[in-house]
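These notes concern the structure reproduced below.
Every number here is computed from the coordinates shown, using simple stated rules; none is lab data. Owing to the predicted nature of the structure, the values given are computational and were not obtained by experimental measurement. Because the Cβ atoms are built from the backbone with ideal geometry, glycine has one as well, and the counts that use them run over all protein chains shown.
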Amino acid sequence: MIGVWLAAVLALQDPAPASRLTSAPDKRLELDFQHYYDVPELESTLQKLAAAYPEFLAVRSIGKSGGGRDLWLATVGDASKGELGAKPAIAVVSGLADGDVVGTEMSLYALYDLLQNHARDPRAGEFFARATLYVVPCADPDRRAELFAGRPRAAGEGPHLERDFPSAWDPWADGAGPYPLSTTETRALVESLLEHANVAMLVTTASGGVAPAARDDLPAEDRAAFRRALTKFASPRGALSVLGADQRPRARGSLSEFALLELGAFPFEVRTLASEGVPPPSEILDLGREHSRALVELARALPRLAFGEVTRTRLKSDLWQVEFVLSNDSALGGTTALGRERGLADSIALAVEGGKLVALGLRSADTDDFAPYPDALGVPRLAALGGGEHVRVRLMLQAPAGGKIALRCEGARFGAVETTFGLE
């Protein structure tokens, strides 16, 4: 029925020229969000966006679908403000779940909106400066092509991609393939995620409401983190509902479950609420705007390192004691507590320039004494910080008086922060 309905909608669409949908000053390309994009048009549009905004957007194929169509990945960010792979990142995957047709247009609009507003909207500018966005706008181009051709798959025909991932995979689930990652599409998605160690958050799109169901297998720390990140989405915002993993039933064999259990990333889901089935083209623009706003707000929940005041005390001629507090001033940590329980962690490397590190001690919020770092000769790695957490660090440095010391803390999902001070 979805395919027939969508084919009818496409046949009735007015082939009018693209309308001006935004007044952003950095407008280099006109896109029309009053119609659905078929697979060839989506591919050409992504290439046009990349050509129009080469300093912010790169598009590449991460693999082929079962039907031989490219799976496109769009990478968005400002490389002039830091290496994109070294910033905390959000991965967005649309068109994966059954019935998620408009999610592709929503993600395409989010790309378009961020690119045009990076210099005008402070929140979009902050996104570009401190985060990276990876977007797969259509994870199942074969099914999309079938829908546009008016040939929807029959119930139970072919594997459902959203049930084909290895985490909590259920061979008896409706639509499950013969084994996990049995499709080229799901293998390409997993390989791409594994290539990007900076992905701290996964956002998928879906359609239709879902009854909240608190999971009983999430640590309290993770449930609190999801609540902090979703403060602005406590109730549905207009046409969309944004949900954390703690608000959804456990999805066996899903990409979200893979991100949560195997990557230790925080999965969120954006669900359309305005219409049942495929929304009419008149709703695409509003859905796209809401999706773009949601991504910008969620990006503000990504880990954010900050140095507190640095103190230094001269112990003798060239030996100094330096103390500072390193905090994660955000809602989320780099890795979920559930991921850390499973042996996953994104530690934070400490680099010192201008002096020789002699000894290192760490004191977390719940301890009174500094614990000596076990391997002062290796690259010091501080414990990963959850949302709102901090650690106090004490260094023993050998350096001449009057010199300058530079400290740098960096983690794959935390980004990097630096501070410089003199020894007086």
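The figures follow:
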| item | result |
| --- | --- |
| Label-point separation, S182 to A416 (7 Å along Cα→Cβ), nm | 4.5 |
| Prolate/oblate/rounded label for region 32-111 (Cα gyration tensor, a/c 1.5) | prolate |
| Top positive-direction residue, dipole computed over the chain with Cβ charges, set G208, V417, I405 | I405 |
| Partners for K27 among lysines (Cα-Cα distance below 23 Å; same-chain residues under 8 apart left out) | K48, K81 |
| Electrostatic dipole magnitude of the chain [Cβ: Lys, Arg +1; Asp, Glu -1; Cα centre; debye, to 20] | 1000 |
| Most positive-pole-ward Cα, L189, G150, V358, against dipole of the chain from beta carbon charges | V358 |
| Cβ-defined net charge surrounding A145, 10 Å radius [Lys, Arg +1; Asp, Glu -1] | 0 |
| Antiparallel bridge percentage (DSSP; both residues within the chain; nearest 5) | 75 |
| Extension gain from D318 to E30, taking 0.36 nm per residue of separation minus the Cα-Cα distance | 97.4 nm |
| Packing-based order for 334-341, 59-66, 133-140, using average beta carbon neighbours within 10 Å, highest first | 133-140, 334-341, 59-66 |
| Only Lys, Arg (+1) and Asp, Glu (-1) charged, at Cβ; region 291-414 dipole about Cα centre in debye | 280 |
| Rounded tilt (10° steps) of 184-195 against the dominant C-alpha axis of the chain | 20 |
| Shape call, the chain: gyration tensor on alpha carbons, a/c limit 1.5 | prolate |
| MRE, 222 nm, helices only [DSSP H, n ≥ 4, -39500 (n - 2.57), over the chain, to nearest 500] | -7500 deg cm²/dmol |
| Eligible aspartates and glutamates near K87 by straight Cα distance, threshold 18 Å, same-chain separation 8 or greater | E55, D78, E126, E195, E297, D329, D346, E410, E418 |
